[in-house]
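A.B. asks: One structure is given below, represented as structure tokens, and several questions about it will come after.
The values are calculated or read from the model by the stated rules, or taken from the named source; none is laboratory data. Remember, it's a predicted structure, so these values are computed and weren't measured experimentally. Backbone-built Cβ (ideal geometry, glycine too); neighbour counts: all protein chains shown.
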Amino acid sequence: MKIAVCVKRVPDTETRIKVGADGASIDEAGVKFILNPFDEFAVEEALQRREKAGAGEVVIVTLGSDAAAETIRTALAMGADRGVLLKAERIPPDGLAIAQALAAELRGGGYDLILFGKVAVDDYNHQVGTMTAELLGLPCVTAAVKLEIADGSVTAEREVEGGLEVVGCALPAVITCDKGLNTPRYPALKGIMAAKKKPIETRAAALGPVRMSVKSLGLPPDRKEGRIVGEGPDAVSELVRLLRQEAKVL
Amino acid sequence: MASRFEGVDFYDISSLLSEEERAVRDTVRQWVDDKLLPVINEAYIAGRFPKQLIPEMAELGFYGANLPEEYGCAGLNNVAYGLIMQELERGDSGVRSFASVQGALVMYPIYAFGSEEQKKHWLPKLASGELIGCFGLTEPDYGSNPAGMITTAKETSAGWVLNGAKMWITNGSMADVAIVWAKTGALDDVKSIRGFVVPTKTPGFSAKDQKGKLSLRASDTSELVLQNVEVGKDALLPKSGGIKAPLMCLTQARYGISWGALGAAMGCYAEALAYAKQRVMFRKPIAGFQLQQARLAEMLTEITKGQLLCLHLGRLKDLGTMRPQQVSLAKRNNVNVACEVAREARRLLGANGILVEYSAMRHMANLESVYTYEGTHDMHTLILGEDVTGMAAFE
Amino acid sequence: MARILAVCETKNGALRKVSREAVAAARALAAAMGASVDAIVLGAGTPETAGLGEAGADRVLVASHDSFDRYAPDGYAATIAAQAKDGYAAVVLAATASGKDLGPRLAVQLDAPLAMDVTALAVEGGKVVATRPVYAGKAIQQVVLDGPPALVAIRPNTFAPVAAGKAGVVQSVAAQTGTVRVRVKELKAAEQGALDVGEASIVVSGGRGMKGPEHFHLIEELAKAFGNAAVGASRAVVDAGWRPHGEQVGQTGKTVSPQLYIAVGISGAIQHLAGMRTAKVIVAINKDRDAPIFKVADYGIVGDAFEILPLLAEAIRKARAG
């Protein structure tokens, strides 16, 4: 089974965000970068599918600067076979421009499955995977929490308000992965060593036209300071009074 | 207190590590947060080693990580190995002790002093966690003076017969195989010490858990008794001879411990700092009071010094120029630092600091064992003294 | 005159509340641009359109097809794209589960930029400027979209429906099935009537302080006492298997903006705060006075949840009845 997994290098979720000098991006000094957590589900799914099929290849694709090679290597350490770095000094805020670069790379690659994480935890744009599928003319299941593949067809489940939606499509397909799909493996220490020897090709990213620009990045307004209303059961009536009269949410 | 450990890196030592070394450190760090910490308090209080973690640790390649890939090991360099010990001990000294014994005291002697058949037979199974090992050197009356051991190995036509007792043996009761050091000649003939690979099921071999420990509780510490234990000729580690071989094993373990102890210190410091920032007293977080800041500054300083110490030691080891006395300096310093950091952290935590919910007191108690084992603090003092003056002052 | 298209959502033939929110957002853009608002509703048979004029739609476009009884990704995208490609300055949809699937498809078919999870809208120099949280709500970003059309998917529960009293003239438009590549086969409904945590205006969330799944009935009862509240959960209890992932609030769960968020037995880790810090009012109930959640809560009670929850539920029931 030939599987491509598109991944992104993002700041660690514990990072304290500081706005950079340009007022439009974060200050990267001291920031630790990791493989996007939702992409871990995608990498794990690819590895499990290749293992189930008994044979195949898992290719990691990312769009980013040279630093993104480290992110590819994290996925290689988990067990993927090789990587492709589509080089772009700055990642545009326009998901469609990125999807076009990815589609150009993936088209004609003969992939049975193309996996993404459903969303990147830096920009929360929630769009590149589905856009890439649409550009490639491939079926796409967004935010899958369960995936079954049999006889060239896919049955997947995704969370919607009020329950789970069951969807079906044929292979080849694009799936964006959500938490709950699987439990990503830790890269074994042997895997970390082996990753050094796996090939990563670098080429220029063929970005599409960029039609979104960041006007500003700022910190959210601080919430007004709250207070402890009281202790134990005795505080209940005071809380209800405040919710009704002061906060007016009751 | 379930937030993730972010490390303590005041001097950006991360930038001195390779990408692989960082990746190794981060994998173990995350595993400790996800898998070890949730079970350690219960294991520590119950006084048992969390055995259920053994297969996962093996699968990730934690055992004998700096031994070659051809024997099923990860083939990492010594800095990466040290980082594994650092992160494991940030979790618990008892769990790190398991990995130290398995890797440095069981797999290493087989690798360094064993025949090719022995290496091929034992190493992959120890790397995979299928077999657990222990290291029998210390005896009830011979701790700091291992050369005085009275366990004997008499040669027979079929092999060897071993008799004696060992004490304070980590993994002793769980082990499938024991590396036992015994005198093949007269009791005053130190050169006659040889190493033997003894399957613990061999008749005459018994192990007993040493109860009543108030330190290293999440670890199996046992006495071994060998009564006419018969082993074949293939049990002998052919390249062993004299006290040098077991001491070389100890050097390996002590190297790992110099990193490990700092891991415990880093964990205690990070916990104390986080606590101080959110614990309010007299209307402000205690982090704002001078005495607590002094504690934190002192801890951070000693940790930072210790980190640079063991990093460079690791580079020397990878270069092949490391001397055992250099390891003594690092083990002695870093374990002492860790003991003090843990104690100060415990005090900063106030009353909360006596609860198992906070790691400081568990680390504090554990580190007393780490101070004493693998060469007591005082022994390493004398090793350094002898090295720089040329005069031995042990007796 | 420019036009703004608001994409509505239906469930079992009835309009979902987010539809009026999308229309309200479209209305705001329209006011800034001097544009009119068309709402578009897709469904099988005769989908509901009532109230959309009231909510601010000048026209209501209806596309009906048998396969549209539930969200049909390819058909919905093709139908809406066919309408939207002429003369619309912007297309507004809700960033619901369907919206997050539909929006990117529309962006490709319309070759247009898409801003997701938008919490505020403005028009500057004729271009749509969208405000959206990023880095798990730790920062706020403003993006300028170079349309037309500009696609924006608004965060549910953020743009309040308005009473704009427009004509809402209903007009039939062609349904396109598109090339059907993905079929929605069925909907496995969650517990009868359970309100989604992302949609409810009141959320009662439980964390590890609830000590076990068997105690969550106290959370459920408090939610019921409010009448229209959803049950939420912290990551710890979801990972422990006590509650389903759909209830998780936080960085790897859902981001919610309810009117009232009650955090019970939740310490307040950054990842959880990321998911609920934009709630209008936050109440925290926790045994630990030093828990970080009290720093973001407007009102806090320090105490035992097991004692407080039943009393609070009773007090809420009384307050709503009286």
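Here's the yes/no breakdown for (1) modelled with pLDDT of 95 or more; (2) within 20 Å of the chain's Cα centre (by Cα); (3) among the β-branched types (Val, Ile, Thr):
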residue: B:1; (1), (2), (3): no, no, no
residue: B:10; (1), (2), (3): yes, no, no
residue: B:25; (1), (2), (3): yes, yes, no
residue: B:29; (1), (2), (3): yes, yes, no
residue: B:79; (1), (2), (3): yes, yes, yes
residue: B:87; (1), (2), (3): yes, yes, no
residue: B:90; (1), (2), (3): yes, yes, no
residue: B:99; (1), (2), (3): yes, yes, no
residue: B:106; (1), (2), (3): yes, yes, yes
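A.B. asks: When only residues in the stretch C:54-81 that are closer than 29 Å to residue C:163 by Cα and of a type in the set (Gly, Ala, Ser) count, which is nearest to the other protein chains (Cβ to nearest Cβ)?
C.D. replies: Top of the filtered list is C:77.
One line per residue, one yes/no per condition, for (1) hydroxyl-bearing (Ser, Thr, Tyr); (2) within 8 Å of another protein chain (Cβ to nearest Cβ):
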position: C:96; (1), (2): yes, yes
position: C:105; (1), (2): no, yes
position: C:112; (1), (2): no, yes
position: C:126; (1), (2): no, no
position: C:132; (1), (2): no, yes
position: C:138; (1), (2): no, yes
position: C:146; (1), (2): no, yes
position: C:152; (1), (2): no, no
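A.B. asks: Still on this structure: Would you please name the residue that is farthest from residue A:69 (Cα to Cα), looking only at residues in the stretch B:10-20 that are surrounded by 14 or more Cβ atoms within 10 Å (Cβ to Cβ) and within 9 Å of chain A (Cβ to nearest Cβ)?
C.D. replies: Here the residue is B:20.
A.B. asks: While we're looking at this one, here's another question. Looking only at the stretch C:235-246, filter to residues that are more than 10 Å from every other protein chain (Cβ to nearest Cβ) and of a type outside the set (Val, Ile, Thr); which one of those is nearest to residue C:159 (Cα to Cα)?
C.D. replies: So, considering only residues that are more than 10 Å from every other protein chain (Cβ to nearest Cβ) and of a type outside the set (Val, Ile, Thr), the one nearest to residue C:159 (Cα to Cα) is C:243.
A.B. asks: Which pairs do you get when a residue that is hydrophobic (A, V, I, L, M, F, W, C), found in the stretch B:347-363, comes within reach of a residue that is surrounded by 15 or more Cβ atoms within 10 Å (Cβ to Cβ) and in a loop (DSSP other than H, G, I, E, B), reach meaning Cβ atoms under 8 angstrom, with the pair 6+ apart or on two chains?
C.D. replies: Within 8 Å, the pairs are B:349/B:358; B:360/B:349.
A.B. asks: Any residue at all in the stretch C:129-137 that's over 16 Å from the mean Cα position of the chain (by Cα), small (Gly, Ala, Ser), modelled with pLDDT of 95 or more and not in a strand (DSSP E or B)?
C.D. replies: No, there is no match, as no residue in the stretch C:129-137 is over 16 Å from the mean Cα position of the chain (by Cα), small (Gly, Ala, Ser), modelled with pLDDT of 95 or more and not in a strand (DSSP E or B).
A.B. asks: When you look at residue B:74, is it touching a Pro at 6+ places or on another chain (Cβ under 6 Å), crowded, with 21+ Cβ neighbours inside 10 Å and of a type in the set (A, V, I, L, M, F, W, C), yes or no?
C.D. replies: Here the answer is no, as residue B:74 does not meet what is asked.
A.B. asks: Tell me, which strands (runs of 3 or more DSSP E) wholly within the stretch C:158-222 include 1 or more residues that are within 22 Å of the chain's Cα centre (by Cα), among the small types (Gly, Ala, Ser) and buried (at least 21 other Cβ atoms within 10 Å of the Cβ)?
C.D. replies: Those strands (runs of 3 or more DSSP E) span C:202-206.
A.B. asks: Can I ask one more? Only residues that are touching a residue at least 40 places away in the same chain (Cβ under 8 Å), more than 8 Å from chain A (Cβ to nearest Cβ) and over 13 Å from the mean Cα position of the chain (by Cα): list them for the stretch C:249-271, please.
C.D. replies: C:249, C:261, C:262, C:263, C:264, C:265, C:266, C:267
A.B. asks: Pairs needed: first member in the stretch A:163-186, facing chain C (nearest Cβ under 7 Å); second member anywhere, assigned to a loop (DSSP other than H, G, I, E, B) and among the aliphatic types (A, V, I, L, M); C-beta distance under 7 Å; at least 6 residues apart or different chains.
C.D. replies: What qualifies is A:163/C:190.
A.B. asks: So, in the stretch A:147-162, how many residues would count as being under 14 Å from residue A:46 (Cα atoms) and either touching a Lys or Arg at 6+ places or on another chain (Cβ under 9 Å) or within 14 Å of chain B (Cβ to nearest Cβ) (or both)?
C.D. replies: Number of matching residues: 2.
A.B. asks: How many residues does the stretch B:1-25 hold that are part of a helix (DSSP H, G or I) and in contact (Cβ under 8 Å) with a residue 12 or more places away in the chain?
C.D. replies: 6
A.B. asks: With loosely packed, with under 15 Cβ neighbours inside 10 Å and closer than 26 Å to residue B:11 by Cα as the only criterion, which of B:288, B:314, B:390 stands out?
C.D. replies: One residue alone meets the criteria, B:288.
A.B. asks: Of everything in the stretch A:96-118 that's in a loop (DSSP other than H, G, I, E, B) and touching a strand residue (DSSP E or B) at 6+ places or on another chain (Cβ under 8 Å), which residue is farthest from residue A:154 (Cα to Cα)?
C.D. replies: Checking each candidate, the answer is A:109.
A.B. asks: May I pose another question? Restricting attention to the stretch B:68-87, and to residues there that are touching a Gly at 6+ places or on another chain (Cβ under 7 Å) and within 12 Å of chain A (Cβ to nearest Cβ), which single residue is nearest to residue B:358 (Cα to Cα)?
C.D. replies: B:87
A.B. asks: Applying the selection to the stretch C:209-230, what residues are of a type in the set (A, V, I, L, M) and either touching a strand residue (DSSP E or B) at 6+ places or on another chain (Cβ under 6 Å) or within 14 Å of chain B (Cβ to nearest Cβ) (or both)?
C.D. replies: C:219, C:222, C:223, C:229, C:230
A.B. asks: Considering each of A:42, A:55, A:4 in turn, give the residue that is of a type outside the set (Phe, Trp, Tyr) and either under 19 Å from residue B:22 (Cβ atoms) or part of a loop (DSSP other than H, G, I, E, B) (or both).
C.D. replies: Exactly one residue qualifies, and that residue is A:55.
A.B. asks: So which pairs qualify, if the first residue must be in the stretch A:124-143 and within 29 Å of residue A:13 (Cα to Cα) and touching a residue at least 40 places away in the same chain (Cβ under 8 Å), the second must be crowded, with 24+ Cβ neighbours inside 10 Å and of a type in the set (S, T, N, Q), the Cβ gap must be under 7 Å, and the two must be at least 6 apart or on different chains?
C.D. replies: A:129/A:176; A:130/A:142; A:130/A:176
A.B. asks: Ok, one more. Looking only at the stretch A:69-95, which residues are away from chain C (no Cβ under 14 Å) and part of a loop (DSSP other than H, G, I, E, B)?
C.D. replies: Result: A:79, A:80, A:81, A:88, A:89, A:90.
A.B. asks: So, in the stretch A:213-250, of the ones that are within 15 Å of residue C:307 (Cβ to Cβ) and charged (D, E, K, R), which residue ends up farthest from the other protein chains (Cβ to nearest Cβ)?
C.D. replies: Ranking the candidates gives A:234 first.
A.B. asks: Taking the stretch C:59-74, which residues are surrounded by 22 or more Cβ atoms within 10 Å (Cβ to Cβ) and not hydrophobic (A, V, I, L, M, F, W, C)?
C.D. replies: Correct list: C:71, C:73.
A.B. asks: Tally time: how many residues in the stretch B:91-124 are within 19 Å of residue B:54 (Cβ to Cβ) and among the charged types (D, E, K, R)?
C.D. replies: 2
A.B. asks: Suppose we filter B:115, B:93 for residues that are more than 10 Å from every other protein chain (Cβ to nearest Cβ) and under 24 Å from residue B:268 (Cα atoms); which single one remains?
C.D. replies: Criteria check complete, one pass: B:93.
A.B. asks: While we're here: Provide a single number: the residues in the stretch C:169-192 that are polar (S, T, N, Q) and within 14 Å of chain A (Cβ to nearest Cβ).
C.D. replies: 2
A.B. asks: Here's something else I'd like to know. Which members of the stretch C:85-95 meet the condition of being surrounded by 24 or more Cβ atoms within 10 Å (Cβ to Cβ) and outside any strand (DSSP E or B)?
C.D. replies: The one that is surrounded by 24 or more Cβ atoms within 10 Å (Cβ to Cβ) and outside any strand (DSSP E or B): C:95.
A.B. asks: Every residue in the stretch A:130-146 that is of a type outside the set (S, T, N, Q), under 16 Å from residue A:40 (Cα atoms) and at the interface with chain C (Cβ under 8 Å from one of its Cβ atoms), please.
C.D. replies: A:143, A:145
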